[in-house]
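Here is the structure we will look at, set down as structure tokens.
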Amino acid sequence: MDKDKNWLVSNRKFTEEEMELYGKEILPQLPSYRAEDRSIESREMIPFFKMIKWPRTDSQTSQYILWTDKVWGGRITFENLRVAMLATHDRIRYLQWIVEALDSNGDGYISREEYEFGMDLMAAHEPTLAKVPYEQMVREADLNGDGLINIDEMMKWLEKIDNRIQL
């Protein structure tokens, strides 16, 4: 990967084997662990990350907690943790995961609220990411001219703005 394309990407690449181990041995140690859906409360991501020795900034962990509270009602399943953590080394895969999860009502479009919330999460990973106002994003991303931004248009726009980021 080109060094200028490393925004929003963790230096650590998790494997399926590691993730399965974390799901079987680490997650169940947390007080809020629920076996029926293999989930934990959002606030327990902090000790989980410490237990697996994956340092996160305060800004990142606070955004993860906000994300989990808003998108999944305050609990994150192991499956969601697994998918996100396996994608953190792959910029496009991670962006796709964020954009798809942003579509909180499942209508296939990214609303102003969903967009602004997602940009805050992305900025926690890449502080140099410029905040582009929603209206500007719509002007730049709306490929079919319908005034709405679907998931595919959002992904194409994010890939395009990646070139604007100064690292």
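The values are calculated or read from the model by the stated rules, or taken from the named source; none is laboratory data. These numbers come from a predicted model, not from an experiment. Don't worry about glycine lacking a Cβ; one is built from the backbone with ideal geometry, like all the others, and counts go over all protein chains shown.
Where in the range 10-108 are the helices (runs of 4 or more DSSP H), entirely inside, with at least 2 residues that are modelled with pLDDT under 85 and surrounded by fewer than 18 Cβ atoms within 10 Å (Cβ to Cβ)?
58-72, 91-102
If you take the residues of the range 109-118 that are farther than 15 Å from T68 by Cα and out of contact with any strand residue (DSSP E or B) (no Cβ under 8 Å at 6 or more places or on another chain), which of them is surrounded by the most Cβ atoms within 10 Å (Cβ to Cβ)?
Going through the qualifying residues, I end up with Y115.
Which residues, counting only those in the range 51-67, are within 10 Å of the chain's Cα centre (by Cα) and closer than 18 Å to M19 by Cβ?
Across the range 51-67, the qualifying residue is only Y64.
Could you figure out which of (1) over 24 Å from K24 (Cβ atoms); (2) in the same structural domain as L21 (by TED's automatic domain parsing) isn't true of S111?
If we test S111 against (1) over 24 Å from K24 (Cβ atoms); (2) in the same structural domain as L21 (by TED's automatic domain parsing), just (2) comes out false.
Starting from the range 17-42, take each residue that is outside the structural domain of S62 (by TED's automatic domain parsing) and list its partners that are surrounded by 17 or more Cβ atoms within 10 Å (Cβ to Cβ) and of a type in the set (G, A, S), counting only C-beta distances under 8 angstrom and pairs at least six apart or across chains.
Close Cβ pairs (under 8 Å, with a partner that is surrounded by 17 or more Cβ atoms within 10 Å (Cβ to Cβ) and of a type in the set (G, A, S)) do not exist here.
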